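The values are calculated or read from the model by the stated rules, or taken from the named source; none is laboratory data. Everything numeric in this text was worked out from a predicted model, so none of it was measured. All Cβ positions, even for glycine, are placed from backbone atoms using ideal geometry, and neighbour counts span all protein chains on display.
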Amino acid sequence: MVEFNDFLKFDIRVGTIIEVLEFAKAKKKAYKLKIDFGAKIGLKKSSAQITENYNPHDLINKQVIAIINFPKKQIADFLSEVLVLGIYTDNGVVLLSPDMQVNNGTKIG
């Protein structure tokens, strides 16, 4: 079991995907995402293995939920700055997202 204070250590925020690029150098098929987390946090990059259920065009302007205070992770020639959250299913990853539009940078928790 974890304590509630452990959960509070995660900085989980809502952001809007503004750019999607194919990530050819990734070991597993993935996209490079640029996500807008609002004026205070700014733009962040993430690598996401979400190609099974999403095409680049449909991801533009989609709001997602991400952990923004994990250490950056080098993936091939790309530095992933945030972890976009999703659900692993038999048909690939399904992204977590708000069911209504909210301000970029809104904190979860």
| Pairs, first closer than 16 Å to Ile17 by Cα and at pLDDT 95 or above in the range 84-109, second basic (Lys, Arg) and surrounded by 15 or more Cβ atoms within 10 Å (Cβ to Cβ), C-beta under 6 Å, six or more apart | Gly105/Arg13
| field | Pairs where the first residue, in the range 16-28, is exposed (fewer than 15 other Cβ atoms within 10 Å of the Cβ) and the second is at pLDDT 95 or above and basic (Lys, Arg), C-beta under 7 Å, 6+ apart | value | Leu21/Lys32
| How many residues are under 19 Å from Ala26 (Cα atoms), not aliphatic (A, V, I, L, M) and not in a strand (DSSP E or B) when one looks only at the range 79-94? | 1
| message | Within the range 1-75, considering only strands (runs of 3 or more DSSP E) that don't extend past its boundaries, which have at least 1 residues that are of a type in the set (Ser, Thr, Tyr) and either in contact with a Leu (Cβ under 9 Å, 6 or more places away or on another chain) or under 19 Å from Gln101 (Cα atoms) (or both)? | response | 12-22, 31-36, 43-48
| message | I'd like to check something: does the range 40-52 contain any residue that is among the hydrophobic types (A, V, I, L, M, F, W, C), buried (at least 19 other Cβ atoms within 10 Å of the Cβ) and either touching a Phe, Trp or Tyr at 6+ places or on another chain (Cβ under 7 Å) or within 16 Å of Arg13 (Cβ to Cβ) (or both)? | response | yes
| request: May I ask you to verify whether Leu33 is surrounded by 12 or more Cβ atoms within 10 Å (Cβ to Cβ) and closer than 17 Å to Leu83 by Cα? | output: yes
